[in-house]
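Worksheet: one structure, shown below.
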There are 4 protein chains.
Amino acid sequence: MVIVIQCSDKVGLVAATSNVLAKNGINIVSMREHVDTDKGRFFLRIQTEGEQNTDTLAKQLKEALPQDAEVHINPIPEKKIIVLVTKEHHCLSDILIRNHFKTLGATLQCVIGNHEVLHDICKRFAIPFHFVSHKNISKEKFESDIQLVINQYNADYLVLAKFMRILSPAFVEKFPMRIINIHHSFLPAFIGANPYKQAYERGVKLIGATSHFVTNDLDEGPIICQQIIPVNHSFTTSDMVRAGKEIETAVLAKALHLVFEDRVLVHENKTVVFE
Amino acid sequence: MVIVIQCSDKVGLVAATSNVLAKNGINIVSMREHVDTDKGRFFLRIQTEGEQNTDTLAKQLKEALPQDAEVHINPIPEKKIIVLVTKEHHCLSDILIRNHFKTLGATLQCVIGNHEVLHDICKRFAIPFHFVSHKNISKEKFESDIQLVINQYNADYLVLAKFMRILSPAFVEKFPMRIINIHHSFLPAFIGANPYKQAYERGVKLIGATSHFVTNDLDEGPIICQQIIPVNHSFTTSDMVRAGKEIETAVLAKALHLVFEDRVLVHENKTVVFE
Amino acid sequence: MVIVIQCSDKVGLVAATSNVLAKNGINIVSMREHVDTDKGRFFLRIQTEGEQNTDTLAKQLKEALPQDAEVHINPIPEKKIIVLVTKEHHCLSDILIRNHFKTLGATLQCVIGNHEVLHDICKRFAIPFHFVSHKNISKEKFESDIQLVINQYNADYLVLAKFMRILSPAFVEKFPMRIINIHHSFLPAFIGANPYKQAYERGVKLIGATSHFVTNDLDEGPIICQQIIPVNHSFTTSDMVRAGKEIETAVLAKALHLVFEDRVLVHENKTVVFE
Amino acid sequence: MVIVIQCSDKVGLVAATSNVLAKNGINIVSMREHVDTDKGRFFLRIQTEGEQNTDTLAKQLKEALPQDAEVHINPIPEKKIIVLVTKEHHCLSDILIRNHFKTLGATLQCVIGNHEVLHDICKRFAIPFHFVSHKNISKEKFESDIQLVINQYNADYLVLAKFMRILSPAFVEKFPMRIINIHHSFLPAFIGANPYKQAYERGVKLIGATSHFVTNDLDEGPIICQQIIPVNHSFTTSDMVRAGKEIETAVLAKALHLVFEDRVLVHENKTVVFE
């Protein structure tokens, strides 16, 4: 069982939480706690042995904690996802394989593509592929067409696996911290003065490709995972594209793994990642 | 303030601990907990805001926890170390620089060398160097000579920074989990003499280094930190030695940092490292 | 065009080679040369612009070089491979995807499995799967059954993608430097069965994987590629297995990429890898 | 002996070069060649056995190669450097240690600081320290004061080891490709469209801290070396500064090693690094 809690910080929150668990005879196997002292925010992730009635436990925990506490127990035991793609296959293929062999930690419900080219690979794994064209229609219409497909399912997360259209704020706000993107670059730059402070404020995790939650600020959502890959003078542009695809695949896989194991807590524009 | 606890596992240990802290009005900034379920062992590291009367707090925690609990509060606020060397300077130089600029997280009390070659570099930083020769004397005598030097100080840890003599079980057991070694290899590969020549002959593509606590089993104590560095066919044996020195320096620096921040807990032959 | 040459070393080999190319008006885009001075062995890899009549060129190069020179021009323009598997899918899946999207740099002709479990994933990509059981028969018979399948194709390389049977020297010597294995460990550590359990017991902080050519010495053939992945105390044995699969997949993919681009030259028990 | 050549590309340059070497009975141990096909530029680095009369050889090579060829033989057998610093010690300390133990691959002639704080550490290694204040004077005067110190030596390179003043174009152009800087960030950003093409044009090598040659465009000179270090949510700004210092030290050490071994060739705003 996994318990994830965040709330405003004060003395005694760990005691309050662990007392509830102790009274229920629950053994804690692993616990990670973090306080963002700048923002006075408390973050907690607990992994326990065995399962429990989660409704009762959640009620008890909420009573023991401050009013603003967000308590999630086994937030979603088996997440369900929808993947959005354009033409590039590398991230989708990796997800299809992991989904097929049940190592994804989530269930892939369908794939939505604004091109048809990836229909075939989905069919090979018996995953529904919905072609939603963006051509000759407004962005509003395009997004409402996507919404119609999404409505047929009950996905917990939308994964943009090299989906090359920019989603409107109106669309994004329907899925707060529920859209995960893989960005083809190391976000952001930090040229200029005091880069470490900038990096700290921005909450970067690493540096090459970046996976992040999508917010209204394009490419500016909370960063989940970043990694790099070395290149050198012998790389042509296409070699760099090729290397980029490898690292994009790896970073998105890592980010999804962290999210699906409830290791990623978000507050404002930063994540706490209990790896 | 840092609190480190380990004991046999049972339900309610986090609650017991955090209740004591809450009653004392102590705010937890960061908490790491791990249970080794195979061995039924509980490990906890807590970082708090502000300082407190540690004696009272330790007493209260011991009363609240199982009898076998080891409770260390700010185990050693400023660790003191003695470094043992032979001829190679790279690890020692790194420690001397960090000690000099007060970024080591510990105080270097003296250096003991079984050769005189590193006397000069210590003198440049006004660190006492004690030459203790191993020549023409028994290991027993050699070690009792070392012990005489150690007795002049009150070091918390002995750091073997490329000390090339094997210490006897009798010596080692006087400093349980207080001797830290840097091993010139990625353990458990290439144990024994001349590992870089072995690595060269085998044509490996990576070489590593391992920092570990010293126990009676040579090169078999609990591992603190391991890292690797890539090598290739163009590396001669001496290039490998050179690369090996870089990675040895980095791994020992990382291991010492972890130990000095009380992030390394040991049980039997394994470490829990709360990075 | 790629030209790969190795022979005993002497003065003038680069001149001899590049003169032949210059006379043919061939422009060298990239050149890597290495001399193993211990063994007096010369290795050369040249990448040129455009294509050429390779037979004529090879003849001219052989005339210009020592008698023992091995000259390969575009050694195999499009390599063909057969993959051998047992039950684990991760390396095979990665190869299937890359083969399907034509980014493997080789053509997968068929898969041979000593269990049937991976038949299904091959069928999804329309790749022939041959089930060859090892049960209730001698190793001799098992290997001759495999050989019968291999004979139906014309593969350049056999790839052991988590094939868990040990091949006999008699079988191996039929495919000198043409069998590529992925080893579930950082060689030479943890040789033998259940390496992840060994790694867990030892409390290592890194685990690695090694891809190598198969020779008669089990796990001792020339190493092509090695990489590591960090682990920590919170990893159970099965977490280590899971992390191991990620690194095995990555290392085998890298090794195949290097071999298929003719970047790996072998002499005795070591490789020269011109990355 | 190391031979480094660059010129406009045409067929037969390797042949022309290697013929000259063969006629002189020189054995090539390692050879790296690269052609920038976009710019039609040829780069060559050759490592040979033994030493030779370099003047004669250089003359012969120049005769055999295009008029625009730059031929450097053992460009500078033992480079001499001057280090410029402000207050931070980490890069300087590393250079002082390597210089002292003769593993730097160059000779440190003196240190120039615009603060006095690092005078002491230089004195410990008997390295002259020149204090040149920037206070209450024009940049012009400040730089002419620095120039006066430089004039007392004959350094091949100026190393900016956390020198926090921006040098004027007038100063910089006196030392073309002879000033090496360590930048406290990953250069550059690549936000926006087609980042891999941008990265290719920019010639990046890696990604965290960046070491580059200084040109008139601030932080825009040819990149020599880049590396990253992972950080996470638990890092405060000062933890990030601390981690940054570790990676800055490592990247500058690597860059200097590459430059001092004549592995870095520059053309326009990009480097070719034959690692």
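The values are calculated or read from the model by the stated rules, or taken from the named source; none is laboratory data. This one's a predicted model, so the numbers in the text were calculated from it and none came from an experiment. With ideal geometry, Cβ positions are generated from the backbone for all residues, glycine too; neighbour counts draw on all protein chains shown.
Give the number of residues within the stretch D:25-44 that are within 17 Å of C:ALA15 (Cβ to Cβ) and within 23 Å of the chain's Cα centre (by Cα).
So the count comes out to 6.
Evaluate the following for B:VAL83: is it assigned by TED's automatic domain parsing to the domain that holds B:LYS254, assigned to a strand (DSSP E or B) and aliphatic (A, V, I, L, M)?
So B:VAL83 fits the description; yes.
Can you name every residue in the stretch B:29-44 that is part of a strand (DSSP E or B) and either touching a Leu at 6+ places or on another chain (Cβ under 7 Å) or at positive phi (or both)?
Residues satisfying the conditions are B:GLU33, B:PHE42, B:PHE43.
If B:HIS72 meets every condition in (1) over 30 Å from C:SER238 (Cβ atoms); (2) facing chain A (nearest Cβ under 9 Å); (3) crowded, with 16+ Cβ neighbours inside 10 Å apart from one, which number is that one?
Looking at each condition in turn, B:HIS72 falls short on (2).
When you go through A:GLU275, A:GLU248 one by one, which is the residue that is assigned to a loop (DSSP other than H, G, I, E, B), closer than 28 Å to C:ALA243 by Cβ and in contact (Cβ under 8 Å) with a residue 12 or more places away in the chain?
Residue meeting the stated conditions: A:GLU275.
What are the residues in the stretch B:89-104 that are closer than 14 Å to B:VAL159 by Cα and either surrounded by fewer than 20 Cβ atoms within 10 Å (Cβ to Cβ) or among the acidic types (Asp, Glu) (or both), if any?
Hits for the stretch B:89-104 are B:ASP94, B:ASN99.
Within the bounds of the stretch B:91-105, is there any residue that is farther than 30 Å from A:ASP38 by Cα, charged (D, E, K, R) and modelled with pLDDT of 95 or more?
yes
State yes or no: is D:LYS254 assigned to a helix (DSSP H, G or I), modelled with pLDDT of 85 or more and within 14 Å of chain A (Cβ to nearest Cβ)?
Yes.
Hey, does the stretch C:36-43 have a residue that's buried (at least 20 other Cβ atoms within 10 Å of the Cβ) and in contact with an Asp or Glu (Cβ under 9 Å, 6 or more places away or on another chain)?
Yes, the stretch C:36-43 contains at least one residue that is buried (at least 20 other Cβ atoms within 10 Å of the Cβ) and in contact with an Asp or Glu (Cβ under 9 Å, 6 or more places away or on another chain).
Answer yes or no as to whether B:ASN232 is touching a helix residue (DSSP H, G or I) at 6+ places or on another chain (Cβ under 6 Å) and either outside any strand (DSSP E or B) or of a type outside the set (S, T, N, Q) (or both).
Against the criterion (touching a helix residue (DSSP H, G or I) at 6+ places or on another chain (Cβ under 6 Å) and either outside any strand (DSSP E or B) or of a type outside the set (S, T, N, Q) (or both)), B:ASN232 does not qualify.
Within the stretch D:120-127, identify whether any single residue is free of Cβ contacts under 8 Å to residues at least 24 places away in the same chain, in a loop (DSSP other than H, G, I, E, B), surrounded by fewer than 16 Cβ atoms within 10 Å (Cβ to Cβ) and not aromatic (Phe, Trp, Tyr), and answer yes or no.
yes
Please go through (1) under 23 Å from the mean Cα position of the chain (by Cα); (2) more than 10 Å from every other protein chain (Cβ to nearest Cβ); (3) in a loop (DSSP other than H, G, I, E, B) for D:GLN67 and return the number of the only condition it doesn't satisfy.
It is condition (1) that D:GLN67 fails.
Given the options D:LEU96, D:LEU148, D:LEU92, name the one that is closer than 20 Å to D:LYS254 by Cα, of a type outside the set (Gly, Ala, Ser), assigned to a helix (DSSP H, G or I) and free of Cβ contacts under 8 Å to residues at least 60 places away in the same chain.
Just a single option satisfies the conditions, and that option is D:LEU96.
Given the options D:GLU78, D:GLU49, name the one that is surrounded by fewer than 19 Cβ atoms within 10 Å (Cβ to Cβ) and facing another protein chain (nearest Cβ under 8 Å).
D:GLU49
Quickly run through the stretch A:81-107 and pick out the residues that are at positive phi and in contact with a strand residue (DSSP E or B) (Cβ under 8 Å, 6 or more places away or on another chain).
Across the stretch A:81-107, the qualifying residue is only A:GLY105.
For the stretch D:1-38, enumerate the residues that are among the hydroxyl-bearing types (Ser, Thr, Tyr) and more than 7 Å from every other protein chain (Cβ to nearest Cβ).
Listed by number, the residues that qualify are D:SER8, D:THR17.
Name the residue that is farthest from C:ASP145 (Cα to Cα), counting only residues in the stretch C:96-120 that are among the aliphatic types (A, V, I, L, M) and within 11 Å of another protein chain (Cβ to nearest Cβ).
Among them, the one singled out is C:ILE97.
Condition (residue is assigned to a helix (DSSP H, G or I), touching an Asp or Glu at 6+ places or on another chain (Cβ under 6 Å) and at pLDDT 80 or above) applied to the stretch B:176-199: is it met by at least one residue?
So far as the stretch B:176-199 goes, no, none of its residues is assigned to a helix (DSSP H, G or I), touching an Asp or Glu at 6+ places or on another chain (Cβ under 6 Å) and at pLDDT 80 or above.
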